[in-house]
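Worksheet for the structure shown next.
The values are calculated or read from the model by the stated rules, or taken from the named source; none is laboratory data. Here the structure is a predicted model, which means the values were calculated and not measured. No Cβ is skipped: glycine too gets one built from the backbone with ideal geometry, and neighbour counts run over all protein chains shown.
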Amino acid sequence: MSEQQDPRVPRSALFIGAAALALIGVGAGGYWLGASRTETPSAGAEAGRQALYWYDPMRPEVHFNEPGRSPFMDMDLVPRYADEAPADGGVRIDPGVAQNFGVRYASVERGALMRSVVAAGVIAFSERSTAVVQARASGFVERAYGRAVGDIVAAGAPLVDVRVPEWTAAQAEYLALRSSGGELAGAGRRRLAMLGMSEALIARVERDGVPRPVTTISAPVSGAITALDIRTGMTIAQGAPIATINGVSPVWLVVSLPQADAGIAHRGGRVTARLSAYPGESFAGRIESVLPAAEAATRTVEVRIALANGDGRLRPGMSAEAELSQSGDADALLVPAEAVIQTGRRSVVIVAPEPGRFVPTEVVLGRRSGDRIEIRQGLAEGQRVVASGQFLIDSEASLTGALERLEASNAQPQGAAALHDAQGRITALSGEGVTIAHGPVASLEWPAMTMAFVFERSELARGLAVGETVTFRFRQDGARYVITEIRETRP
């Protein structure tokens with residue numbers, strides 16, 4: 001039996017061995033195929049692309065010459081490849097993507113810029129129609145006619161009756177001389193005028209032939225009584241003020257303009273005023289005067305606007321808004337105000353010379369009127385600019401370095417690197433450098449962070465220790481930040 005089974009055993013062993021070899025071959029081939037499909041394209045892509053620099057996505061304006069960890073946010077630096085930075089100095093965004101983000105465009109137009117300024121003000125009495133009533137002689141108040149501050153009086157309305165004893169003797173003397181005629185009578189009449197009697201009182205004495213010791217003082221102008229200093233029975237001296245009367249038409253609208261808008265105001269200019277007391281109504285006015293000096297505390301210029309007030313509805317003390325307008329030059333270049341990105345250091349407009357291409361362009365701004373603003377330098381008529389969505393493009397421009405190239409012409413020479421001051425606490429220290437948890441750096445617009453610095457001179461590290469609070473000065477040298485001065489800050 002054993003002789004019949006021996007031939008079958010080698011054949012099954014051979015079959016099993018062949019199957020195992022086949023599986024091993026398939027697995028090896030699959031591994032090689034997978035490896036060739038995953039590794040080869042990646043290696044080719046890295047080898048075929050040139051990295052211009054590395055950057056921290058949170059601080060894209062700072063460039064590094066080699067890969068590593070960011071000193072700002074403790075994260076890996078990201079490479080910027082040469083084929084990602086367009087040679088035209090702008091950025092490229094797929095037109096479909098730009099449309100999805102709601103990018104709108106506007107054209108640079110040439111036209112007249114109607115300058116308009118709205119300023120708040122207060123209604124006040126016009127000081128040009130103010131009358132002050134005074135006593136012409138000493139006497140006693142016999143009647144005050146019940147007047148009070150705030151009363152509106154007409155011109156010629158009686159204010160007060162005053163008895164003047166001194167006038168009684170002078171009038172009797174004149175009547176005695178008048179019967180004799182001649183130069184003495186004329187001299188007596190002139191004496192009555194010198195004592196302060198009005199022409200109407202002298203004529204009445206002549207007509208009646210008897211002295212009139214009580215005289216009535218009347219309002220010289222129509223208006224509101226703003227001051228009244230007499231009461232029945234009181235004694236008044238010569239020259240004492242009796243009343244102050246302010247005219248009620250016209251009134252002043254007094255507004256304060258910022259010095260930047262003071263140029264729009266000129267004498268005779270037309271103004272439209274609106275009051276919350278009379279919604280839907282407007283009042284035409286005229287600039288009566290522009291004060292020659294600005295207010296020292298607020299740096300504003302006061303403008304007085306005359307408003308007609310025949311019906312007396314404009315009451316002093318009311319608040320109002322004044323709209324001052326001025327026609328501008330007809331050849332001004334205008335863009336929508338929303339198209340301008342203002343950072344404080346510069347003003348940028350995103351120009352779209354062709355679909356999908358955007359170029360940040362620095363401009364010089366002029367005057368603004370409503371939703372349009374004048375461009376004095378940087379753009380030409382007919383150019384297309386981005387009116388909305390420009391902040392998305394501005395962010396992409398920052399990542400690609402377009403804005404850095406835009407500012408390259410204004411950058412200072414390498415030998416004149418700016419110095420920056422900061423204060424912080426040492427967290428690590430070595431002979432060549434130091435790591436400091438510093439506060440905000442205003443000159444660089446940095447927030448508080450922990451980062452590494454190098455010493456300009458090795459002796460700067462002497463006397464320093466981890467945990468100390470220091471004040472230091474540093475400069476940027478490529479991708480490094482070099483400390484030039486450092487000292488301990490003692491409490």
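Quick check: anything in region 275-282 farther than 20 Å from Ser325 by Cβ, part of a loop (DSSP other than H, G, I, E, B) and touching a residue at least 60 places away in the same chain (Cβ under 8 Å)?
For region 275-282, residues farther than 20 Å from Ser325 by Cβ, part of a loop (DSSP other than H, G, I, E, B) and touching a residue at least 60 places away in the same chain (Cβ under 8 Å): absent.
Looking only at residues in region 171-222 that are of a type in the set (Val, Ile, Thr) and touching a helix residue (DSSP H, G or I) at 6+ places or on another chain (Cβ under 8 Å), which one is farthest from Phe125 (Cα to Cα)?
Going through the qualifying residues, I end up with Val210.
Would you confirm whether or not region 244-259 contains a residue that is assigned to a helix (DSSP H, G or I) and modelled with pLDDT under 95?
The answer is yes, given that some residue of region 244-259 is assigned to a helix (DSSP H, G or I) and modelled with pLDDT under 95.
What are the pairs with Cβ atoms under 9 angstrom where one residue, in region 433-444, is assigned to a strand (DSSP E or B) and the other, located anywhere, is among the hydroxyl-bearing types (Ser, Thr, Tyr)? Sequence gap at least six, or different chains.
Close Cβ pairs (under 9 Å, with a partner that is among the hydroxyl-bearing types (Ser, Thr, Tyr)) amount to Val434/Thr427; Thr435/Thr427; Thr435/Thr450; Ile436/Thr427; Ile436/Thr450; Ala437/Thr427; Ala437/Thr450; His438/Thr450.
With the checklist (1) at pLDDT 90 or above; (2) among the basic types (Lys, Arg); (3) under 30 Å from Arg92 (Cβ atoms) in hand, flag the one item Arg286 doesn't pass.
(3)
Please pick out the residue among Arg304, Arg286, Arg267 that is exposed (fewer than 12 other Cβ atoms within 10 Å of the Cβ) and under 32 Å from the mean Cα position of the chain (by Cα).
Matching residue, one of Arg304, Arg286, Arg267: Arg267.
Can you tell which of Arg147, Arg128, Arg178 is exposed (fewer than 14 other Cβ atoms within 10 Å of the Cβ) and charged (D, E, K, R)?
Arg128
Given the conditions (1) aliphatic (A, V, I, L, M); (2) within 21 Å of Ala237 (Cβ to Cβ); (3) buried (at least 17 other Cβ atoms within 10 Å of the Cβ); (4) at pLDDT 90 or above, which single one is not true for Val153?
With respect to (1) aliphatic (A, V, I, L, M); (2) within 21 Å of Ala237 (Cβ to Cβ); (3) buried (at least 17 other Cβ atoms within 10 Å of the Cβ); (4) at pLDDT 90 or above, Val153 is out only on (2).
Scan the helices (runs of 4 or more DSSP H) fully inside region 148-222 and keep the ones with 3 or more residues being in the same structural domain as Thr235 (by TED's automatic domain parsing) and in contact with a Gly (Cβ under 9 Å, 6 or more places away or on another chain).
In region 148-222, 165-180 are the helices (runs of 4 or more DSSP H) which contain 3 or more residues that are in the same structural domain as Thr235 (by TED's automatic domain parsing) and in contact with a Gly (Cβ under 9 Å, 6 or more places away or on another chain).
Looking only at residues in region 289-301 that are of a type in the set (S, T, N, Q) and surrounded by 12 or more Cβ atoms within 10 Å (Cβ to Cβ), which one is farthest from Gln326 (Cα to Cα)?
It comes out as Thr300.
In this structure, is Ser458 modelled with pLDDT under 85, loosely packed, with under 15 Cβ neighbours inside 10 Å and not assigned by TED's automatic domain parsing to the domain that holds Arg346?
Taking the combined requirement at face value, the residue satisfies it.
Could you please give the count of residues in region 126-143 that are within 55 Å of the chain's Cα centre (by Cα) and in a loop (DSSP other than H, G, I, E, B)? Please lay out each step first, then the result.
So in region 126-143, the residues within 55 Å of the chain's Cα centre (by Cα) come out as 126-135.
If we keep only those that are in a loop (DSSP other than H, G, I, E, B) as well, we get 126, 135.
Summing the residues that are within 55 Å of the chain's Cα centre (by Cα) and in a loop (DSSP other than H, G, I, E, B) in region 126-143 gives 2.
Taking Ala437, is it under 44 Å from the mean Cα position of the chain (by Cα) and either of a type in the set (S, T, N, Q) or on the phi < 0 side of the Ramachandran plot (or both)?
Considered against the rule, which asks whether it is under 44 Å from the mean Cα position of the chain (by Cα) and either of a type in the set (S, T, N, Q) or on the phi < 0 side of the Ramachandran plot (or both), Ala437 comes out as yes.
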